[in-house]
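Note sheet for the following structure.
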Amino acid sequence: MINMFKKFLNKFFNGLFKKKKNIKLGLYGPPNGGKTTLANRICQDWLGEDMGSVSNVAHETREIQVKEQISIKSKGKELSFNLVDTPGIATRIDYEDFLKSGLKVTEAKKRAKEATKGVIDSIKWLDDMDVVIIVLDSTKDPYSQVNITIVGNLEARKIPVLIVGNKIDLKKANIKKLQEAFPQYDIVGISAKFGNHMDEFYDLLFKITK
C-alpha cells in the first residue's frame, strides 16, 4: 500500500513539473522575413509589450533575444514557452551590403562581423530548441539555399517545425508556393505587422507542441 502511494505521488509531481516546464520556442529564418515583427506581435498579444526593435536593414537582430514565460491560451488549452528570436541566417554576409544601407565602411565591417557571429550563435542554439517556427517572406522564392539549409538542419535534429509565410498583406505574397516547397510541414500565412490570421497561427502552435 505504501509503495502504491509513493508511485502515485511520484507520478503526480512528475506530471506537475512537466506541465510547468517552459518549452524553448525558436524563431528562425533568413534576414528580413519578419521574425522580430512576429516576436513583437506574440509579446503584444500576450504580454502587452514589444520584444525588440524592427528595422528594414538586413541583420538588424545580431544577438539572440529571449523573452521568458509567455503563456498563450486557445480553446481551453494553455501553452507556456520561452520565446527565442534569432538573428537572420545567411550563407553569405558581405560588409558591402551594409554600405548600401548608408553605413560608413568601419561601421559596415563591424556590422558584418556581428551578423556573422549572430548566424553562428543561431545555429548553435538549435540544439536547445524544443519547437522552431521558420519565418519566411511569402513574397520571395522559397527555394533558396538559406531556406533549404535551415530546413535540413531541423530535419536532422527531428525538431517540430511550423512554417510561417509572413507579409500576406503584400500583393506578391504566395502561400501556395511555400506549401509546394515544404509539403511535409504545417504552413500558415500571416501578417505579423497587422496581426492577420494570428488565431490560425496560435492553433497550429498548439498542434505541433502536443
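The values are calculated or read from the model by the stated rules, or taken from the named source; none is laboratory data. Source: prediction; values computed, not measured. So basically every Cβ, Gly included, is an ideal-geometry build from the backbone, and we count neighbours across all protein chains shown.
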Quick count over region 78-110, residues being of a type in the set (S, T, N, Q), surrounded by fewer than 17 Cβ atoms within 10 Å (Cβ to Cβ) and within 30 Å of Leu205 (Cα to Cα), is 3
Scan region 125-135 and give yes if some residue there is without any contact (Cβ under 8 Å) to a residue 60 or more places away in the chain, closer than 27 Å to Met51 by Cα and surrounded by fewer than 16 Cβ atoms within 10 Å (Cβ to Cβ), otherwise no. yes
If I ask for residues that are touching a residue at least 12 places away in the same chain (Cβ under 8 Å) and basic (Lys, Arg), which ones from region 76-97 would you list? Lys77
Inspect all residues belonging to region 61-77 and state whether any of them is over 16 Å from the mean Cα position of the chain (by Cα), in a helix (DSSP H, G or I) and either surrounded by fewer than 19 Cβ atoms within 10 Å (Cβ to Cβ) or aliphatic (A, V, I, L, M) (or both). no
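Please verify whether Val151 is touching a residue at least 12 places away in the same chain (Cβ under 8 Å), within 20 Å of Asn82 (Cβ to Cβ), outside any loop (DSSP other than H, G, I, E, B) and in contact with a strand residue (DSSP E or B) (Cβ under 8 Å, 6 or more places away or on another chain), treating the condition exactly as stated. Talk me through it step by step, then tell me what you get.
Values: touching a residue at least 12 places away in the same chain (Cβ under 8 Å): yes; within 20 Å of Asn82 (Cβ to Cβ): no; outside any loop (DSSP other than H, G, I, E, B): yes; in contact with a strand residue (DSSP E or B) (Cβ under 8 Å, 6 or more places away or on another chain): yes.
It is false that Val151 is touching a residue at least 12 places away in the same chain (Cβ under 8 Å), within 20 Å of Asn82 (Cβ to Cβ), outside any loop (DSSP other than H, G, I, E, B) and in contact with a strand residue (DSSP E or B) (Cβ under 8 Å, 6 or more places away or on another chain).
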Which of the residues spanning region 186-210 are modelled with pLDDT of 95 or more and part of a loop (DSSP other than H, G, I, E, B)? Ile190, Ala192, Lys193, Phe194, Gly195, His197
